[in-house]
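Please read the structure below before turning to the comments.
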Amino acid sequence: NNNTAVGAVVDEGLHEFSRLLSVLSRCNRLTQVAEIPRPSLRQVSSIISSVEFDRDGTLFATAGVSKRISVFEHATIVRAPGTLVHCPIIEMVTRSKLSCLTWNRYVASHLASSDYEGVVTVWDVNTSGMVQEYEAHSKRIWSVDYCAADPTLLASGSDDCTVKIWSTRAQASAAQIDLKANVCAV
């Protein structure tokens, strides 16, 4: 019965939301353990639009209008909280401003980015190189995310009012959802 399946998914989602709310409500303050100083505020290129941890929580990547993806080791940053300069262990330069990052949960070295020109790019952080690029949308992409169940699928959402599903096994989109508004998250 389709209604039973939908009900089970809703119940599971509400249970997860309840669990997260419970965890978050136990905290009553945050303590800063480290900081990565930014360049001068006069430099527009210092804006970071996305910070994402890898599946193991050992690395995190930042991206933004600087047209670069910087990958840092979490433990190194936390061990040296007073350091004025933290150098990324990997840096990948892109041709456009970046809006979003997402790590693949199964292929640990793969990181996808979306940009202001409507392109989704899959990167390999082990080689600092591009694995695949999709001329995805006609306008800025706000969000990109890997599928939790299938590591070969990604979704992207854009100002062109579409959500597109991508397979790393194909160059063209596998599916498209047309909407009547800009898509800010997938």
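The values are calculated or read from the model by the stated rules, or taken from the named source; none is laboratory data. Please read all numbers here as calculations on a predicted model, not as lab measurements. We place every Cβ from the backbone using ideal geometry, glycine too, and count neighbours over all the protein chains shown. Areas reflect the complete protein model, heavy atoms only, side chains present, ligands, DNA and RNA absent. Shrake-Rupley method; radii C 1.70, N 1.55, O 1.52, S 1.80 Å.
Some values worked out for this structure:
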item: Any hit, segment 26-44, residues being part of a helix (DSSP H, G or I) and either modelled with pLDDT of 85 or more or open to solvent by 60 Å² or more (accessible area, probe 1.4 Å) (or both); result: yes
item: Among residues of segment 99-152, those that are under 17 Å from residue 186 (Cα atoms) and of a type in the set (A, V, I, L, M), counted; result: 11
item: Residue list for segment 108-138, filter: surrounded by fewer than 16 Cβ atoms within 10 Å (Cβ to Cβ), under 20 Å from residue 183 (Cβ atoms) and of a type outside the set (D, E, K, R); result: 138
item: Cross-chain or 6+ apart pairs with Cβ under 9 Å, segment 70-85 first and within 18 Å of residue 56 (Cβ to Cβ), then open to solvent by 60 Å² or more (accessible area, probe 1.4 Å) and assigned to a helix (DSSP H, G or I); result: none
item: Odd one out for residue 16, checked against (1) acidic (Asp, Glu); (2) open to solvent by 50 Å² or more (accessible area, probe 1.4 Å); (3) at pLDDT 90 or above; result: (3)
item: Entirely in segment 139-186, the strands (runs of 3 or more DSSP E) that have 3 or more residues that are open to solvent by 60 Å² or more (accessible area, probe 1.4 Å); result: 175-178
item: Hits in segment 91-107 - residues which are assigned to a strand (DSSP E or B), out of contact with any Gly (no Cβ under 7 Å at 6 or more places or on another chain) and crowded, with 19+ Cβ neighbours inside 10 Å; result: 92, 99, 100, 101, 102, 103
item: Residue check, residue 50 more than 19 Å from residue 126 (Cα to Cα) and crowded, with 18+ Cβ neighbours inside 10 Å; result: yes
item: Options 88, 81; residue that is out of contact with any Pro (no Cβ under 8 Å at 6 or more places or on another chain), open to solvent by 50 Å² or more (accessible area, probe 1.4 Å) and part of a loop (DSSP other than H, G, I, E, B); result: 81
